[in-house]
Structures are given as C-alpha cells and as structure tokens.
Amino acid sequence: MKYLVYGDTEINYLKAQDARLGEVIDEMGIIQRAIEPDPFESLIGSIISQQISKKAAETVSGRFYDLLDKSITPEAIISTGVDAIQGCGMSLRKAGYIMGIAEAAITGEVDFAGLHLLPDKEVIIKLTTLKGVGVWTAEMLLLFSLQRPDIVSYGDFAIRKGMMALYELGDLPRNTFQEYAQKYSPYGSVASLYLWALAGQ
C-alpha cells in the first residue's frame with residue numbers, strides 16, 4: 001500500500017503559519033493516509049464508496065475487485081456489464097455511473113493518463129462532466145491519486161468539522177474557511193490530514 005508522502009518542509013511551514021495547527025501536528029506526528037496512484041481506479045473506488053459506510057464500501061469493493069479479477073480497467077468494466085456490477089451490492093444508478101466513467105475513458109472523453117498534466121481547476125472541470133462525479137469527488141482524486149499539495153475541500157463535512165474544532169468556532173462560513181485554507185497554502189493537503197484526524201476520520 002502506498003501513502004501520501006510529506007515531511008519537514010510541509011510540517012515546518014504549517015507550524016510557522018498556524019500555532020494551533022502546529023500543536024496538533026506535534027501531538028499527532030506523521031499521519032499515514034493511503035493513496036491510489038491510478039486516477040481511473042481511484043475514481044471508480046470513490047464512486048463505490050459514495051453515501052455508504054466504510055464497512056459497506058469495503059465489502060462492495062471486495063466483491064467488485066473479485067468480479068473483475070482485480071483488473072480495474074475500462075475494458076474489464078465494459079465487458080463485465082452493468083448487471084454483474086450491480087450484483088456486487090450497489091445500486092443500479094451507481095453501477096451506471098461506473099459504466100459511464102469506463103466509456104468516457106475508452107472514447108477519450110476523459111484522458112485519465114493525462115490528468116496529471118492539468119491544473120487542479122481543469123481536472124475538476126473535466127471530471128465533473130461525468131455523471132456521479134461532483135466537485136468533492138474530484139477534489140479527493142486530486143489529493144489521494146494525483147497527490148496535489150494544496151487541497152482543502154469546503155465540501156468535505158469532516159474537514160469543516162475539524163476546522164471548527166481546531167479554532168473553537170460555532171459556525172464556519174465559506175469566507176472564513178477560505179481564510180484558513182489560504183493560510184495553509186501551498187501545503188493545504190497536509191493540513192487536511194490533520195483536520196480529518198481532529199474530526200475522527
């Protein structure tokens with residue numbers, strides 16, 4: 001398993017920028033979060049996990065990976081068919097999203113191998129043209145597949161929860177959120193790891 005890599009450069013910067021976050025970093029140390037370097041496989045995994053518990057996602061993912069003989073490629077998905085994919089324990093709509101993503105990869109509508117060449121905003125624009133893929137899902141792919149360094153997602157409830165806990169806030173308007181996110185830049189992705197941890201994620 002591969003993990004998001006960071007070290008002294010990111011840690012020292014964040015500690016200098018934000019004393020409260022620095023205390024959390026000192027207390028928690030390095031956080032290991034798994035990544036999936038293949039953006040196509042990462043996106044399929046995100047779709048499977050949407051709106052279900054972690055345990056349920058692990059069960060469905062295991063069945064899906066076994067069904068495809070652990071070859072998560074567009075071609076394998078198309079040849080398997082939507083009914084068999086749904087049979088892994090997901091809704092017909094979700095199975096359809098997976099088929100649509102596979103078709104987009106095969107037709108070249110989305111060049112998954114070339115996503116790493118695009119800036120963050122263009123990756124989000126490109127991916128959110130796909131059914132079932134919203135901004136949050138695209139941001140998680142940026143962080144946990146493309147390993148972009150400055151992702152702090154307002155659309156992530158746990159990130160907001162962690163930030164509210166860190167700064168003892170009763171509410172968190174978007175402009176306040178963005179002020180903190182800007183303070184973390186250009187290492188917002190590492191800050192996100194600690195905000196998730198504060199929220200118990």
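The values are calculated or read from the model by the stated rules, or taken from the named source; none is laboratory data. Small disclaimer: the values here were computed from a predicted structure and weren't measured. No Cβ is skipped: glycine too gets one built from the backbone with ideal geometry, and neighbour counts run over all protein chains shown. Just so you know, the surface numbers come from the protein's heavy atoms only, side chains and all, with ligands and any DNA or RNA stripped out. Shrake-Rupley method; radii C 1.70, N 1.55, O 1.52, S 1.80 Å.
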Amide H contacts of Ile35 (H built 1.01 Å from N, under 5 Å, at least 5 apart or other chain): Lys2, Tyr3, Leu4
Quick check on the range 1-75: what are the equivalent-ellipsoid semi-axes from the Cα gyration tensor, as sqrt(5λ), descending, whole Å? 34, 14, 10
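Counting heavy atoms of the protein chains only and a 1.4 Å probe, report the per residue accessible area for the chain as a whole number of Å². Each step should come with its number before you reach the end.
Working: 10500 Å² over 201 residues.
Dividing the accessible area of the chain by its residue count gives 52 Å².
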Can you tell me the Rg and Dmax of the chain, counting just the alpha carbons, in angstroms? 17.9, 53
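Please identify the DSSP H helices in the chain that span no less than 20 Å along the helix axis (Cα) and have a mean Kyte-Doolittle hydropathy of -0.5 or more.
On the way: long enough: 92-107 (22 Å, 0.73).
Result, helices passing both filters: 92-107.
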Mean shadow area (nm²) of the C-alpha convex hull around the range 39-150 is 6.4
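Can you send over the carbon and sulfur percentage of the accessible area for the chain, probe radius 1.4 Å, protein chains only? Let's see the in-between values first.
Values: 5350 of 10500 Å².
Taking all protein chains in place, the chain shows 51 percent carbon and sulfur surface.
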GluC sites (Glu not before Pro) within the range 104-201: DSSP coil, no more than 14 neighbouring Cβ in 10 Å: Glu109, Glu168
Net +/- balance of residues flanking Lys131 in space, Cβ distance below 15 Å, scoring K and R +1, D and E -1: +1
Using only Cα atoms, locate the centre of the range 73-108 and the centre of the range 171-197, then give the distance between them in Å, rounded to an integer. 34
